[in-house]
1. Here is a list: 76, 83, 122, 96. Which entry is aromatic (Phe, Trp, Tyr), closer than 18 Å to residue 10 by Cα and either touching a residue at least 12 places away in the same chain (Cβ under 8 Å) or touching a helix residue (DSSP H, G or I) at 6+ places or on another chain (Cβ under 7 Å) (or both)?
2. Hey, can you tell me all the residues within the stretch 220-242 that are outside any loop (DSSP other than H, G, I, E, B), aliphatic (A, V, I, L, M) and in contact with a strand residue (DSSP E or B) (Cβ under 8 Å, 6 or more places away or on another chain)?
3. Filter the strands (runs of 3 or more DSSP E) completely within the stretch 1-95 down to those with at least 3 residues that are modelled with pLDDT under 95.
4. When the residues of the stretch 1-52 are narrowed to those that are crowded, with 23+ Cβ neighbours inside 10 Å and of a type in the set (S, T, N, Q), which ends up nearest to residue 191 (Cα to Cα)?
5. Among (1) among the β-branched types (Val, Ile, Thr); (2) in contact with a Leu (Cβ under 6 Å, 6 or more places away or on another chain); (3) part of a loop (DSSP other than H, G, I, E, B); (4) under 22 Å from residue 222 (Cβ atoms), there is one condition residue 110 misses while meeting the rest; what is its number?
6. Which residues, taken from the stretch 111-141, are crowded, with 21+ Cβ neighbours inside 10 Å and farther than 23 Å from residue 236 by Cβ?
7. Examine the stretch 185-198 for a residue that is surrounded by fewer than 20 Cβ atoms within 10 Å (Cβ to Cβ), on the phi < 0 side of the Ramachandran plot, modelled with pLDDT of 95 or more and among the aromatic types (Phe, Trp, Tyr), and state whether such a residue exists.
Amino acid sequence: MAYTRQQAVRTAAFLRKKVAKPPTVGLITGTGLGAAARLGDPLTVLPFSEIPGFPASTAPGQTGRVVFGELSGTAFLALKGRFHLYEGHPPAAVAFPVRVMQELDIGTLIVVNAAGGLNPGFFPQEIMILADHINLTGKNPLTGPNEAAWGVRFPDMSQAYDRSLMRAVESAAQTLNIPLRKGVYAGLPGPSLETPAEVRFLRTIGADAVGFSTVLEALAAVHAGMRLLGLSLITNVHDPDHPSPLTAEQVIATAKAAAPRLAALIRETLVREKAHGSL
């Protein structure tokens, strides 16, 4: 499967026929966080398997559905699940939903993930705003010939995550009395979890949380000129001096417990952005 612009255009055309109002906001959720996509009443729900050009999703804790809905007049497209390098997908496949959103003229993207905490001051079920990221996957969806219709050859990454969206989510969190963290997300290819030595290394280079997603989507979104907001749900906090075993089931359970709170935060943020004329 070639995840080209031509395929993205065809997939976008298919999705455009399924909705009455073009979406302006995109949301991608991760492991155990499907409930975070409940922003408003779903108007259309499609499994990934019915969408032409979409890869197959095999990641645990992800339902693999696209949801179209509307919140306070803002139409959105939400992915309940995403694609990962560890599933065997190439970088272009991981970023393909972002390219489809770009072809749908979506200008704002929110990427949400479940992450392991590296900062010893963090606690499970806290939410971290991504101030920046470190791409340690060794991959980039922009490798190869540049598609000029999608963006410039060398996109600037000095402000990948939109500052105004960060302020909006901070304001929303104050209203909802939801404590927030802000930090740097390290993206690894996975699927093996981090060794204590790797945790120490990641802390040393300035990472506050770690996971197996998001960075390739972020690269495509910046290339596309989208306003980007990243949020991590901290599922556990690594202690390299006292390591304890961790299972995928534990991560999923923690993410599911916190997903409704994350959805409330995203809803309030979008309502504020709409009121300020930013959407």
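The values are calculated or read from the model by the stated rules, or taken from the named source; none is laboratory data. What you see is a predicted model, and the numbers here were worked out from it, not measured in a lab. No Cβ is skipped: glycine too gets one built from the backbone with ideal geometry, and neighbour counts run over all protein chains shown.
1. Numbers: 76 fails: closer than 18 Å to residue 10 by Cα; 83 fails: closer than 18 Å to residue 10 by Cα; 122 fails: closer than 18 Å to residue 10 by Cα.
So the residue among 76, 83, 122, 96 that is aromatic (Phe, Trp, Tyr), closer than 18 Å to residue 10 by Cα and either touching a residue at least 12 places away in the same chain (Cβ under 8 Å) or touching a helix residue (DSSP H, G or I) at 6+ places or on another chain (Cβ under 7 Å) (or both) is 96.
2. Taking the stretch 220-242 and keeping what is outside any loop (DSSP other than H, G, I, E, B), we get 220-223, 227-237.
Filter once more, keeping what is aliphatic (A, V, I, L, M): 220-222, 228-229, 231, 233-234, 237.
Of everything in the stretch 220-242, those that are outside any loop (DSSP other than H, G, I, E, B), aliphatic (A, V, I, L, M) and in contact with a strand residue (DSSP E or B) (Cβ under 8 Å, 6 or more places away or on another chain) turn out to be 221, 222, 228, 229, 231, 233, 234, 237.
3. Working: elements: 25-29, 42-47, 65-71, 74-80.
Counting at least 3 such residues, we get 42-47, 65-71, 74-80.
4. Here the residue is 31.
5. The single condition residue 110 does not satisfy is (3).
6. 141
7. No, the stretch 185-198 contains no residue that is surrounded by fewer than 20 Cβ atoms within 10 Å (Cβ to Cβ), on the phi < 0 side of the Ramachandran plot, modelled with pLDDT of 95 or more and among the aromatic types (Phe, Trp, Tyr).
So that you can scan it fast, the table gives a plain yes or no per residue for (1) in contact with a Gly (Cβ under 9 Å, 6 or more places away or on another chain); (2) over 25 Å from residue 113 (Cα atoms); (3) of a type outside the set (A, V, I, L, M, F, W, C):
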site: 17; (1), (2), (3): no, yes, yes
site: 23; (1), (2), (3): yes, no, yes
site: 30; (1), (2), (3): yes, no, yes
site: 40; (1), (2), (3): yes, no, yes
site: 46; (1), (2), (3): no, no, no
site: 55; (1), (2), (3): no, no, yes
site: 58; (1), (2), (3): yes, no, yes
